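The values are calculated or read from the model by the stated rules, or taken from the named source; none is laboratory data. All figures in this text were calculated on a predicted structure; none of them were measured in a lab. Glycine gets a Cβ as well: all are built from the backbone with ideal geometry, and neighbour counts include every protein chain shown. Just so you know, the surface numbers come from the protein's heavy atoms only, side chains and all, with ligands and any DNA or RNA stripped out. Shrake-Rupley method; radii C 1.70, N 1.55, O 1.52, S 1.80 Å.
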Amino acid sequence: MTWEPGRLDDQAHLSEGDPGGMLPAVAASAAHVRTGHRAAVEARLDRLAANGRPRAIVVAGMGGSGIAGDILAAVAGSGAPLPIVTLRSYQLPGWVGATDLVIAVSGSGDTEETLALATQAVRRGCTLLGVGPTGSPLEAIAVQASAVYVAVPVSGQSRANIWLLTIPLIVAAAAVRLVPDEADLFERVARALEDMAHRCRPSSDSFINPGKSLAMDLAESVPMIWGSSPVAAVAAYRLACQLNSNAKYPAVYGELPEAGHNQVAALDGPLAEYDIFADTTGRTVRLVVMRDVEEHPQVTRRREAALRLARERDVRVTELAAEGVHPLERIASLIALGDYASTYLALGYGVDPTPVSAITELKARISQ
Ligand SMILES: O=P(O)(O)OC[C@H]1O[C@@H](O)[C@@H](O)[C@@H](O)[C@@H]1O
């Protein structure tokens with residue numbers, strides 16, 4: 001697998017090299033926001049408020065589904081009056097009980113960790129909300145427990161359906177008065193995603209296409225991706241996961257200020273310095289910093305200082321800024337850009353972005 005940037009502007013390659021349709025799936029993000037919103041409204045999530053506001057919200061989900069919980073927490077913000085915890089494991093913690101809302105999210109509706117947590121939530125008498133496809137084991141658990149279920153038309157990989165799986169959680173949060181119920185928010189987010197899809201469309205040339213440009217930045221490096229606020233950190237984590245899954249590429253995720261207490265040390269390490277004359281291709285770090293409008297002032301200082309530090313050491317740097325006003329718009333803008341970049345990176349390497357054979361093999365090995 002070699003990096004060939006010319007592939008990014010070769011229209012035949014962009015469609016033939018993407019037989020699973022990851023680029024069209026990313027382009028459908030705006031439609032997914034609208035469909036996810038409609039599905040959530042039709043599921044009558046106001047029923048979740050029957051017992052008042054929950055003590056805590058626990059989101060159960062893995063991979064491309066679990067990130068919905070991170071987005072929910074970032075949208076609710078640091079001022080949220082209740083804890084919002086995303087669990088990616090088999091066991092609910094002891095403190096989760098009947099006054100908590102457990103939201104189980106799964107694109108397949110059949111992920112063993114998520115089903116285990118949903119089952120435990122029912123046993124403990126928690127309010128359960130399920131989000132996933134119709135006819136799935138997750139829906140069966142919800143139906144059996146008379147819980148609310150949002151059936152969303154997921155097709156293909158969960159990570160390519162992030163908005164179908166996420167928007168119902170935001171609607172649920174509005175139903176329990178955790179976030180304001182803003183009628184036009186989802187339409188604004190959809191429009192922002194349409195705008196990004198237009199700028200990143202396959203027929204748009206590498207030099208003006210932000211998705212292709214970011215892919216070119218990321219190529220032949222080990223990206224260290226930092227977010228400078230909780231909003232940006234979700235997008236940074238998503239980008240790292242998308243690089244793993246779409247491009248089968250390693251990536252290191254971090255969040256400021258914490259990354260300034262450990263990862264920054266790697267700027268002095270053996271993979272740091274980039275020398276265009278040395279044969280270090282693919283073995284050097286690139287620092288990618290996702291910036292947000294709502295940074296803590298000390299984090300802004302830390303971010304700027306860390307970037308200076310990196311540049312002084314000849315470490316390659318990419319800076320990305322969230323666009324939009326509402327946190328959901330800001331997350332969406334960064335996630336959409338990263339989704340395109342990770343898909344273009346795969347295609348530039350001649351890697352099919354859709355299948356994840358190592359994940360499939362791992363699941364198969366433990367099911368024997
Ligand atoms: O999203 P569900 O179907 O619950 O699966 C959870 C996760 O499983 C992983 O192994 C991958 O396939 C992810 O893309 C997926 O998101």
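Data overview
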{"item": "Exclusive hit being in a helix (DSSP H, G or I), crowded, with 17+ Cβ neighbours inside 10 Å and either small (Gly, Ala, Ser) or touching a residue at least 12 places away in the same chain (Cβ under 8 Å) (or both), set Leu287, Leu334", "result": "Leu334"}
{"item": "Residue list for region 239-262, restricted to those being polar (S, T, N, Q) and open to solvent by 40 Å² or more (accessible area, probe 1.4 Å)", "result": "Asn244, Asn262"}
{"item": "Of residues in region 135-166 being on the phi > 0 side of the Ramachandran plot and either within 14 Å of the ligand (Cβ to nearest atom) or under 13 Å from the mean Cα position of the chain (by Cα) (or both), the one surrounded by the most Cβ atoms within 10 Å (Cβ to Cβ)", "result": "Gly156"}
{"item": "Hey, Leu169 open to solvent by less than 10 Å² (accessible area, probe 1.4 Å), of a type in the set (A, V, I, L, M, F, W, C) and within 28 Å of Ser108 (Cβ to Cβ) or not", "result": "yes"}
{"item": "Residue check for Ile71: at pLDDT 95 or above, within 19 Å of the chain's Cα centre (by Cα) and not small (Gly, Ala, Ser)", "result": "yes"}
{"item": "Search result, residues across region 1-50 that are of a type in the set (D, E, K, R) and under 16 Å from Pro153 (Cα atoms)", "result": "Arg34, Arg38, Glu42"}
{"item": "Among residues of region 110-128, those that are within 15 Å of the ligand (Cβ to nearest atom) and open to solvent by less than 10 Å² (accessible area, probe 1.4 Å), counted", "result": "3"}
{"item": "Answer from Leu337, Leu328, Leu320, Leu347 - the residue that is touching a His at 6+ places or on another chain (Cβ under 9 Å) and more than 16 Å from the ligand (Cβ to nearest atom)", "result": "Leu347"}
{"item": "Residue ranges of helices (runs of 4 or more DSSP H) in region 111-223 with at least 2 members without any contact (Cβ under 8 Å) to a residue 24 or more places away in the chain", "result": "112-123, 137-144, 185-199"}
{"item": "Qualifying residue in region 304-319 (condition: assigned to a helix (DSSP H, G or I), under 19 Å from the mean Cα position of the chain (by Cα) and at negative phi)", "result": "no"}
{"item": "Test set (1) out of contact with any helix residue (DSSP H, G or I) (no Cβ under 7 Å at 6 or more places or on another chain); (2) under 30 Å from Ser357 (Cα atoms); (3) surrounded by fewer than 21 Cβ atoms within 10 Å (Cβ to Cβ) - Ala236 fails condition number", "result": "(3)"}
{"item": "Residues of region 31-68 that turn out to be under 25 Å from Gly97 (Cα atoms), open to solvent by less than 10 Å² (accessible area, probe 1.4 Å) and over 14 Å from the mean Cα position of the chain (by Cα), as a count", "result": "7"}
